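K.L.:
After the structure tokens below, expect a handful of questions from me.
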Amino acid sequence: MGEERRDGPLAGLTVIEMAGLGPVPLAGLMLAELGARVVRVERKAKARSFLHVPPEFDLDRHGRDIVKVDLKDPRGTALVLDLIAGADVVIEGFRPGVMERLGLGPDVCMKRNAKLVFARQTGFGQDGPLADRAGHDITYLAYSGALHAIGEKDGKPIPPLNLVADFGGGTMFLLTGLLAALVERGISGKGQVVDAAMIDGVAMLTAPFHSFLATGFWKDRRGSNLLDTGAPFYDTYETADGRHVAVGCLEPQFFAEFARLLPLDTAFVSRQYDLSSWGGMRAAIAARFREKTRDEWAAIFEPTEACVAPVLSLAEATRHPHNVARNVFAAKGKMTRPRPAPRFSRTPGEVAAMGDGNAADSLASLGVAADRIDELMRAEVIG
């Protein structure tokens, strides 16, 4: 990437990303696409992942300067510390204590750079009895209570991909924390450590449901509530071709439109929130949807406010007319993928491309002397 000009609302910001899996790389991609310069520090000769992704498809590395460093060599640690000294933000997703053992903990880094925002992503947080425990998205969903609430009434809990803990409770709260710390730094002139735990983030996402639970509006069991497939007008239904539609007509006026178009017996309209009618209502809706294909139903409902949508596959979503008109997805290189979000009126983000991987050029543009780069390369401290 080198000295490539960057636009976007975060242009001028320099981020050091300590390479890892899941939430932190997505944060690095989003920061890069919003204009930040992201330098990804990878451990030299370390296997990146249990899932091998060819470089042209590897979004964990797109939009970054990639520097491979031997962090077991003190010269490698010193190099990374120098990069951090000139950066605005560090993002890392190791277990508690790993950065400290590498000689790159926040105390050391912030002695060199008092304005540094040191953003730490973990599953369980920097402290607590589970802090050192291994886990994945499904683990944090389970401990937060969110997983128990997701799934059908008589079925098992179902993880919604790894969207909720890894990327919702993880990436999004990591970004929220570091951006908030940058705003505060603009007032105080001081950096700070951001402790972003996925279990904390998922718990925050469930805040409305704790409110519902406290008021008695929500039952603490799956498939028994308004938003968890308990209500027949907030669920998915199979169509004649074995595909599905999603129904979400919560408000009476939307449900009335839905009932008119399906059509559904008008007796159900006045009894939308009568729980005793839900069993018959669900059976009637399911029977009607099996009479036409998914796309036939889409043609009927999309021009209306009945809140019915075809359940699209990932590939189909890239071709839907609304997404095409709004340029939600972009073709970049050999791949079609989402454009940066959210959107900005003056300083739009840009879809990241695969970097050239020239560590020497990247380090030089970051102010590292040429003779030092040559020495580190000869010693195979960087590669």
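Bear in mind these aren't lab numbers, they're just calculated from the coordinates by the rules spelled out. Every value quoted in this text rests on a predicted model; they were computed, and no experiment measured them. We place every Cβ from the backbone using ideal geometry, glycine too, and count neighbours over all the protein chains shown.
K.L.:
Could you derive backbone 3J(HN,Hα) for the range 268-278 from the dihedral phi with the Karplus parameters 6.51, -1.76 and 1.60 (θ = phi - 60°), listing whole Hz in sequence and x where the residue is Gly or Pro?
P.N.:
6, 4, 6, 10, 3, 9, 8, 4, 5, 8, 5
K.L.:
Now for a separate question. For the chain, what D do you get in µm² per second when you plug the Kirkwood radius from alpha-carbon pairs into Stokes-Einstein at 4 °C and 1.567 mPa s? Present the calculation step by step, with values, prior to reporting the outcome.
P.N.:
Working: Rh = 23.6 Å.
Once the numbers are plugged in, D ends up at 55 µm²/s.
K.L.:
Would you please put 131-142, 181-192 in order of how densely packed they are, using the mean number of other Cβ atoms within 10 angstrom per residue and starting with the highest? Kindly include the intermediate steps, with their values, before the conclusion.
P.N.:
Values: 131-142: 17.8, 181-192: 14.1.
Output ranking for 131-142, 181-192: 131-142, 181-192.
K.L.:
Taking Cα centroids, how far is the range 104-158 from the range 160-227 in Å?
P.N.:
11 Å
K.L.:
When DSSP beta bridges are limited to those with both residues in the chain, what percentage is antiparallel, rounded to the nearest 5? Before the final figure, lay out each step's value.
P.N.:
On the way: 13 of 37 bridges.
Once the DSSP bridges in the chain are tallied, antiparallel ones form about 35 percent.
K.L.:
With an 8 Å cut-off on Cα pairs and a minimum separation of 6 or more residues, tell me the relative contact order of the range 234-322 in percent.
P.N.:
Working: 112 pairs, mean separation 34.2, N = 89.
So the answer I get is 38 percent.
K.L.:
Of Ser211, Ser365, how do they rank once you tally other Cβ atoms within 10 Å and put the fewest first?
P.N.:
Numbers: Ser211 11, Ser365 16.
Going from sparsest to densest Cβ surroundings: Ser211, Ser365.
K.L.:
Also, I was wondering about something else. Whole Å is fine, so just give me how far the alpha carbon centre of the range 314-383 lies from that of the range 257-289.
P.N.:
49 Å
K.L.:
Right, another one. Which residues' amide hydrogens lie under 5 Å from the amide hydrogen of His244, considering only partners 5 or more residues apart or on another chain, with H built in the peptide plane?
P.N.:
Residues meeting the criterion, in which the H sits 1.01 Å from N, are Thr239, Val311.
K.L.:
Take Lys72, Lys156 and order them by how many other Cβ atoms sit within 10 Å, fewest up front.
P.N.:
Lys156, Lys72
K.L.:
Now a separate question. Counting pairs of alpha carbon atoms under 8 Å apart in space and at least six apart in sequence, what relative contact order in percent does the chain give?
P.N.:
Numbers: 667 pairs, mean separation 76.7, N = 383.
Relative contact order of the chain: 20 percent.
K.L.:
Please report, in cubic angstrom per residue, the volume enclosed by the convex hull of the alpha-carbon atoms of the range 234-322.
P.N.:
Numbers: hull volume 8.1 nm³, N = 89.
Considering the Cα atoms of the range 234-322, their hull volume per residue is 91 Å³.
K.L.:
Further question on the same structure: Arranged by the count of other C-beta atoms within 10 angstrom, fewest first, what order do Trp278, Trp297, Trp218 take? It would help to have the intermediate numbers written out before the result.
P.N.:
Numbers: Trp278 17, Trp297 25, Trp218 20.
By the 10 Å Cβ count, ascending: Trp278, Trp218, Trp297.
K.L.:
How large is ³J(HN,Hα), in whole Hz, for each residue of the range 74-88 in order, when computed from phi with the Karplus curve 6.51 cos²θ - 1.76 cosθ + 1.60 and θ = phi - 60°, using x for Gly and Pro?
P.N.:
Once θ is set to phi - 60°, the couplings for the range 74-88 become x, 5, x, 4, 4, 4, 5, 5, 5, 5, 5, 4, x, 9, 9 Hz.
K.L.:
Next question. GNM on the chain, C-alpha springs below 10 Å: top fluctuator among Gly201, Gly279, Gly169?
P.N.:
Maximum fluctuation in the GNM of the chain, among the listed residues, is at Gly279.
K.L.:
Report the local net charge at Ala317: Lys and Arg +1, Asp and Glu -1, summed over other residues whose C-beta lies under 15 Å from its C-beta.
P.N.:
Numbers: positive: Arg243, Arg294, Arg319, Arg326, Arg337, Arg339; negative: Asp295, Glu302, Glu316.
Local net charge: +3.
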